[in-house]
1. Once you charge only the Cβ atoms, +1 for Lys and Arg and -1 for Asp and Glu, what is the size of the charge dipole of the chain about its Cα centre, to the nearest 20 debye?
2. So for the chain, Kirkwood radius off the Cα pairs, Stokes-Einstein at 37 °C and 0.692 mPa s: how many µm² s⁻¹?
3. Test of understanding: in a Gaussian network model of the chain with alpha carbons linked when under 10 Å, which of Ile49, Ile31, Ile57 would top the mean-square fluctuation ranking?
4. With θ set to phi - 60°, apply the Karplus curve 6.51 cos²θ - 1.76 cosθ + 1.60 along segment 80-87 and write out the HN-Hα couplings as whole Hz, x wherever there is a Gly or Pro.
5. Springs between alpha-carbon pairs under 10 angstrom, Gaussian network model over the chain: which of Ala54, Ala28, Ala46 fluctuates most?
6. Using the Kirkwood radius over C-alpha pairs as Rh, can you work out the diffusion coefficient of segment 20-60 via Stokes-Einstein at 10 °C, viscosity 1.306 mPa s, in µm² per second?
7. Can you work out the Karplus-derived ³J(HN,Hα) for every residue in segment 34-47? Use 6.51 cos²θ - 1.76 cosθ + 1.60 with θ = phi - 60°, whole Hz, and x for glycine or proline.
8. When the label point is put 7 Å from the Cα of Leu60 along its Cα-to-beta-carbon vector, which residues of segment 7-33 have a backbone N closer than 17 Å?
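Computed from the coordinates by the stated procedures, all read-outs in this text should not be read as laboratory data. All of these numbers come straight from a predicted model, not from anything done at the bench. Every residue, glycine among them, receives a Cβ derived from its backbone with ideal geometry; neighbour counts consider all protein chains shown.
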Amino acid sequence: LSAVALATPGKVALRLSQNRVSFRSLSAVEIESYCATGEPMDKAGAYAIQGKAAIFIEHLEGSYSAVMGLPLYETAELLQDADIAMF
């Protein structure tokens, strides 16, 4: 789950994005090699979808940007609903 909120005078609006990331089965060697890169050591869930672990992702259901950390579609909806120009 990834959420975003927009607070304007007198109102707080929220949007939620539900996402599922499926990884293929990994061998012990693949896991050890990936850990040796150091990448998983500072990541929530030990991976970044845009990082080295992307090669292990078998399927993504939902929003790529939400998995990265900011659900862009939902953010744009909030801005549009609040009459805030995006461009």
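1. Working: 6 positive and 10 negative charges, 17 e Å.
The dipole of the chain has a size of about 80 debye.
2. Values: Rh = 14.9 Å.
After rounding, the answer is 220 µm²/s.
3. The residue that fluctuates most here is Ile31.
4. With the stated coefficients, segment 80-87 comes to 5, 4, 8, 6, 9, 5, 9, 10 Hz.
5. Ala28
6. Values: Rh = 10.5 Å.
Once the numbers are plugged in, D ends up at 152 µm²/s.
7. Result, ordered by residue: 5, 4, 5, 6, x, 4, x, 6, 10, 10, 5, x, 6, 7 Hz.
8. 17-24, by backbone N distance to the label point.
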